[in-house]
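The values are calculated or read from the model by the stated rules, or taken from the named source; none is laboratory data. Everything quoted here is computed from the prediction, not taken from an experiment. Cβ placement follows ideal geometry from the backbone for every residue including glycine, while neighbour counts extend to all protein chains displayed. The area values use the complete protein model at the heavy-atom level, side chains included, leaving out ligands, DNA and RNA. Shrake-Rupley method; radii C 1.70, N 1.55, O 1.52, S 1.80 Å.
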Amino acid sequence: MEIVIKIDDSADFDSDRPTTRSGIPVVTIGGKTVSEFLEGYFYPGKPPVALLIGGGEKEIGNPDLDVNLYWSVTEGSEPITSIDIDGQSIPVTGGSQTGTFAGRLVQDEDKTFLLTVTDKAGKTAQASVSVNWKQANYYGASFLTPVDLINRLTIKKDYAEELISDKHLASSKAENHDYNCTGGKYIYILYPASYGNPQSVKNGSFDFSSYTMTDVTITDEFGIIRAYKLFNTGYQTGSSVNINIIN
């Protein structure tokens, strides 16, 4: 005895809703007919795959606004029909593609680049990377006295990184480092004045109050004069001295 099941696909069928029958996985198949629902339920198509690599951080004031990204896409169950990066269409040439994308930033404005790949069935995949602009914090231990350091920062306009050994990009004044004060040195930390004074400072796990805060101006590596806060300790000795500035 042969059983024949006929499906009437003449009427719309809403498959853009989760399955609710007890005992089966809750999934949303999608589709506008019963046939599309059954095809998607029993033989689900694989979406394409998208990968975007690049991004990172840039120092505020950096005039270099170009960014190079690496991208790749791979088709799933259906051929790829479109590739878009940051609103720019990329020609589709095959089921697996890779390339580089030359992006452009707006000065000192964070930017997210979005890669979207779509296939013949309408399935999409996305990947994104961001470029975030941050200001520089400087820190280090030096034989220079605070008076000498401030004089060089505010009068001679030496770049801060030439006077204080380390720099990193940050979004706050928080710093936690060990300083080599062998032979006796002063500990210095410079961060943008807009961040304000520390809420708390510790030497290891102990509260630390033997420091001075001074408003200074520095010339950064791009030649821009900026307002900074200079944190400095008194004369320190020891191969390793920890200072933890809490945001």
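With the condition kept exactly as written, say whether any residue in region 137-147 is among the aromatic types (Phe, Trp, Tyr), within 24 Å of the chain's Cα centre (by Cα) and modelled with pLDDT of 95 or more. Before the answer, list the steps.
We begin by selecting, within region 137-147, every residue among the aromatic types (Phe, Trp, Tyr); these are 138-139, 143.
Filter once more, so that each one left must be within 24 Å of the chain's Cα centre (by Cα): 138-139.
Now restrict to residues that are modelled with pLDDT of 95 or more: 138-139.
Yes, some residue in region 137-147 is among the aromatic types (Phe, Trp, Tyr), within 24 Å of the chain's Cα centre (by Cα) and modelled with pLDDT of 95 or more.
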Reported set for region 32-91 where residues are loosely packed, with under 14 Cβ neighbours inside 10 Å, aromatic (Phe, Trp, Tyr) and at pLDDT 95 or above is Tyr70
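Of the residues Leu153, Leu144, Leu149, Leu169, only one is over 24 Å from Glu59 (Cα atoms) and surrounded by 12 or more Cβ atoms within 10 Å (Cβ to Cβ); which?
Working: Leu153 fails: over 24 Å from Glu59 (Cα atoms); Leu149 fails: over 24 Å from Glu59 (Cα atoms); Leu169 fails: over 24 Å from Glu59 (Cα atoms).
Only one candidate passes the filter, namely Leu144.
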Does region 117-131 contain at least one residue that is in a loop (DSSP other than H, G, I, E, B) and without any contact (Cβ under 8 Å) to a residue 24 or more places away in the chain?
-> yes
Taking the options Ile189, Ile225, name whichever one is at pLDDT 95 or above and closer than 22 Å to Gly61 by Cα.
-> Ile189
Give just the number: which of (1) within 30 Å of Asp12 (Cβ to Cβ); (2) within 22 Å of the chain's Cα centre (by Cα); (3) open to solvent by less than 30 Å² (accessible area, probe 1.4 Å) does Gln126 not satisfy?
-> (3)
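Mind checking which residues of region 189-221 are aromatic (Phe, Trp, Tyr), open to solvent by 60 Å² or more (accessible area, probe 1.4 Å) and closer than 19 Å to Ile164 by Cβ? So that I can check it myself, show each step before the final result.
So the first thing to find is which residues in region 189-221 are aromatic (Phe, Trp, Tyr), and the list is 191, 195, 206, 208, 211.
In the following step, the residues that additionally are open to solvent by 60 Å² or more (accessible area, probe 1.4 Å) were identified as 206, 211.
Result: Tyr211, single match.
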